[in-house]
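Only one structure is covered here, and it is reproduced in the block below.
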Amino acid sequence: MKRPLLLRGIRPYGAGEAVDLLIRDGVIAELGPSLDGTGAEMLDGGGLVALPGLVDLHAHLREPGREDVETIATGSAAAALGGYTAVFAMANTDPVADTAVVVEHVYRRGREVGLVDVHPVGAVTAGLRGERLAELGAMASSAAAVRIFSDDGMCVHDSLLMRRALEYTRGLGGVIAQHAEDPRLTAGAQAHEGEIAARLGLAGWPAAAEESIVARDCLLARDAAATLHICHASTAGTVEVLRWAKERGIRVSAEVTPHHLLLTDERLAGYDPVNKVNPPLRTAADTQALRAALAEGIVDCVATDHAPHAAQDKDCEWSAARPGMLGLQTALSVVIAAMVCPGLLDWRGVARVMSERPARIGGATDHGRPIAVGQPATLVLVDPDATWTVRGDGLASLADNTPYEGMELPGRVVATLLRGEITAEGGKVQR
Amino acid sequence: MRHLLSTTDLQRETATALLDTAEALKQALLGREVRKLPTLRGRTVVTLFYESSTRTRASFEVAGKWMSADVVNISAAGSSVAKGESLRDTALTLAAMGADCIVIRHPASGAAHRLASWVPTHVVNAGDGTHQHPTQALLDAATLRERLGTLNGRTVTIVGDVLHSRVARSNIELLITLGARVHLVAPATLLPCGVENWGVENWGVANRVTVGHDLDAALPGTDAVLMLRVQVERMQGGFFPSAREYSISYGLTEARLELLPEHAVVLHPGPMLRGMEIAHSVADSPRAAITEQVRNGVHVRMAVLYHLLAAQEEQA
């Protein structure tokens, strides 16, 4: 029988007086001031903020296929160190996660590693080719119990196929997560279409390429009475379309990445491909609109779009570089910098956008639960006053393509707990 | 000056100094039978071209040789580049062999910037994607200075595919730095996003790019017209309906030549599409400075190599 664990002096949601939290059998057994910790292991909270464990709806763990840049083990470690307890692993692996066999493999590897709950995302179309539906039902009823389907990296751009996908997943209780990008409008695109890309001679990725697909899919979801999720919303116009759709009761949710909350296309001046990402870094006005939308709830949650890439795929000319950046280990600090420090979100808001809403959207019923007696002890303890300096080679991911290299960020994950087990503590994975 | 990557980085003093040096070199070589200066003896200049080019590459080679540099030419085809070697590895290899200066042309915008971040060698951008071609802008400015005396207060009209043109980007920045007014004439499909905001503001006086779509209206107030090349792939890309329609709206015909003031100069970076961008007779008229551009190109590139490789030592 495992010993109980007492968290001494923590502040749930960063509010009120510090309390003690006793964990027994992975569940919060007692919560209150000055609990009796006799016989329990002790973790001194020292006034740390306690939040429900973070949930990432969008990460590329690269296994199977690109184990040279990330594995489920290293990605899980990065996630645990970043305060995450559940991660949705995108389907664009090699082979593509478009069958029950592949999603079950990813799910089981996640369980073996055991640092976070790895929920595989299934591909919408076979091979991400956008031609015919993948076996969505088989993935949904597999051991992995897939609930989110996405061709992320590619847009399901064929309107009829998207309509069918939405209708079909409604029957499965699933969600289609769309990478909204009209491929005709972004052929050859390298950077956000705007003044900066124009001066740099980089072909533009117009905002309308995203917004038009978001609008179309909201209408398709309306007619299909289906559930739609928009991956990495990146423009002010997308926010307006989402507002319109939500006001009409269309079942649409959306995520924003940490980098779209903090970084802008002004970083492109030196052509360092560490800043290359899809959708591209946008303007400061977009960043402001996304922050406001996240605070208001028009954008539901933060998702990392964690995308490890090999050094040779970044240490090259801009157009040859692959798009994507690391995110799991920096997301919380970036959200603190972009949302908490300017007063747009409090800690309860952080719990909402980084844990509760994504858990609900992804159907991770064990996550994003209240910090209350009888609930799973799936938590993250954050030191809100600490700062740290990001070093790519110090992150747990095999790749080091972080755009925050050398930046000092606020907030530090002190410990992460998954069902009462400490998965990360003091910057080290506990396993 | 450590590198020449873009005209955006060029201060007015530096640009003027380069043009003055080019002018001085031109005078020094005028009428000489042996056109060879010892300035860069023992220096190695590598031209690294990932795109085909006749005039730019030859111009750099001649410029280097007239200053006694050892010039090595490397093409993407027929080298290890063709075997899939990365730009970075190629650059490191050339630097390790003792190249003092790498002159690079590459289809990717920003390639010269990346190169400069990898190697200790001087880097000259000889054209990167749709970004910049700074020596072309310098040779255009040298030609206009010769013909017009000064660029300050002069109006230069740039016509055609500004969107995909590194020549246009380099010229706009440099001309404005040198005090000229820049007017762009193109179909809206071939104009970069937000181009109307390009320019500078000095002491509260703005010198911004102006944009129009009517060439006939622009020509009478123009001191120089710079015709841009229209690439064949753009014609098929739906940027405009047909070559004929483009020619009717934006081609420099004999009739349009008449609309220009007497002193106005016609420039084209070449290679020209005669009959479409520019009428045959216009290209060969005395108003056109197209062969002067090529001639000045050598002197400007000599000046650039001199400032990068020799002038700094003299200062030190």
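Derivation of every value follows stated rules applied to the coordinates shown; laboratory data play no part. Computed from a prediction, not measured in an experiment: that's the story for all the values here. Counting neighbours? That spans all protein chains shown, and the Cβs are built from the backbone with ideal geometry, glycine included.
Quick one: check the C-alpha center-to-center distance for the stretch A:32-57 versus the stretch A:396-417, whole angstrom. Using only Cα atoms to place each centre, the spacing works out to 22 Å. Over the Cα atoms of the stretch A:291-431, the radius of gyration divided by the Kirkwood radius equals 0.98; this is the Rg/Rh ratio.
For the pair the stretch A:145-211 / the stretch A:332-369, the C-alpha centres are spaced 24 Å from each other. Normalising the average separation of contacting C-alpha pairs (under 8 angstrom, six or more residues apart) by the number of residues puts the relative contact order of the stretch B:134-293 at 24 percent.
Note on the stretch A:53-362: antiparallel DSSP beta bridges, both residues inside, total approximately 5 percent of the bridges counted. For the stretch B:1-53, the set of GluC sites (Glu not before Pro) satisfying both a DSSP loop assignment and a count of at most 12 other C-beta atoms within 10 Å is given as B:Glu33. Size descriptor for the stretch B:134-293, Kirkwood hydrodynamic radius: 15.5 Å (Cα pairs only, one decimal). With the convex hull drawn around the C-alpha atoms of chain B, the volume per residue stands at 144 Å³.
Does the protein assembly as shown classify as rounded, prolate or oblate by the C-alpha gyration tensor (a ≥ b ≥ c root eigenvalues; a/c under 1.5 gives rounded; else a/b over b/c gives prolate, otherwise oblate)? Judged from the Cα gyration tensor, the protein assembly as shown comes out prolate (a/c at least 1.5, a/b above b/c). Dipole size of the stretch A:53-362 about its Cα centre, with +1 on Lys/Arg Cβ and -1 on Asp/Glu Cβ: approximately 720 debye, rounded to the nearest 20.
Among the GluC sites (Glu not before Pro) within the stretch B:246-305, those in coil by DSSP and having at most 13 neighbouring Cβ atoms inside 10 Å are B:Glu262. The GluC sites (Glu not before Pro) found in the stretch A:69-155 that occupy coil by DSSP, while having at most 13 further C-beta atoms within 10 Å, are A:Glu131. To the nearest 10 degrees, how steep is helix B:12-29 against the longest Cα principal axis of chain B, on a 0 to 90 scale? Helix B:12-29 sits roughly 80 degrees off the main axis of chain B.
What does the charge add up to near B:Asn296, with Lys and Arg as +1, Asp and Glu as -1, over the other residues with Cβ less than 10 Å from its Cβ? Taking every other residue near B:Asn296 into account, the sum is 0.
With the helix formula -39500 (n - 2.57) applied to DSSP H stretches of n ≥ 4, chain A reaches a computed 222 nm mean residue ellipticity of -7500 deg cm²/dmol. Counting only the Cα atoms, the stretch A:284-335 fills a convex hull of 106 Å³ per residue. The alpha carbons of chain A stretch over 65, 47, 44 Å along the principal axes, in descending order.
Mean partner shielding of peptide A:201-213, defined as the number of other chain Cβ atoms within 10 Å of each residue Cβ, is 2. Ellipticity at 222 nm from helices only: DSSP H runs of n ≥ 4 in chain B, each -39500 (n - 2.57), divided by the residue count, give -11000 deg cm²/dmol.
Sequence gap at least 6, Cα distance under 8 Å: using those rules, report the relative contact order of chain A to the nearest whole percent. Rounded, it is 19 percent for chain A.
Rounded to the nearest 5, what % of the DSSP beta bridges within the stretch B:134-293 are antiparallel ones? Spell out each step's value before the answer.
Details: 4 of 22 bridges.
So the antiparallel bridges in the stretch B:134-293 amount to around 20 percent.
Compared with the dominant principal axis of the Cα atoms in chain A, helix A:72-81 is inclined by about 60°. Average 1/r across all pairs of distinct alpha carbons in the stretch B:1-152, invert it, and you get the Kirkwood radius: 16.3 Å. Taking max minus min of the alpha-carbon positions on each principal axis, the stretch A:1-160 gives extents of 61, 33, 31 Å, largest first.
May I ask you to derive the relative contact order of the stretch A:203-302, considering only C-alpha pairs under 8 Å and at least 6 residues apart, and to give it as an integer percent?
Values: 138 pairs, mean separation 31.3, N = 100.
Dividing the mean separation by the residue count of the stretch A:203-302 yields 31 percent.
The angle between the Cα long axis of helix B:290-306 and the longest principal axis of the Cα atoms of chain B comes to about 30 degrees, rounded to the nearest 10.
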